[in-house]
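Notes to accompany the following structure.
No value in this document is a laboratory result; all are computed from the given coordinates. What you see is a predicted model; the values in this text were computed from it and never measured. Every residue, glycine among them, receives a Cβ derived from its backbone with ideal geometry; neighbour counts consider all protein chains shown.
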Amino acid sequence: MRGISRLRLIGAIAGNKAAEHVRGVNGTAGTLLGFAAPTVLRRMGPLGLVAAVAGGYAYKKYVDRQDAQKSRSQRPSGFAEPTRTQA
């Protein structure tokens, strides 16, 4: 393989497979992200990688909290409206 490194090719395949499990990312976008990942990770360095992982974790916790609040507000209270009778 001359033009494309093996690491980029493996990243492209992994990105394509990972896109099946990520909401809002199709296969082509996952392939492109996986293809570019080795270059980006190499330029970020160890400290940048730690910052990216921490940011991803914080974002996931934020999204999970938003989903929990949304499902909590849509849940019925369990109390029925009292029936009115004629006196």
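Quick look at the values:
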{"quantity": "Trypsin sites (Lys or Arg not before Pro) restricted to DSSP loop in the stretch 1-35 with at most 15 other C-beta within 10 Å", "calculated": "R2, R23"}
{"quantity": "Qualifying lysines (Cα of each under 24 Å from Cα of K17; at least 8 residues distant if same chain)", "calculated": "K60, K61"}
{"quantity": "Peptide ranges 52-61, 29-38 listed from the most packed, as the mean C-beta count within 10 angstrom indicates", "calculated": "29-38, 52-61"}
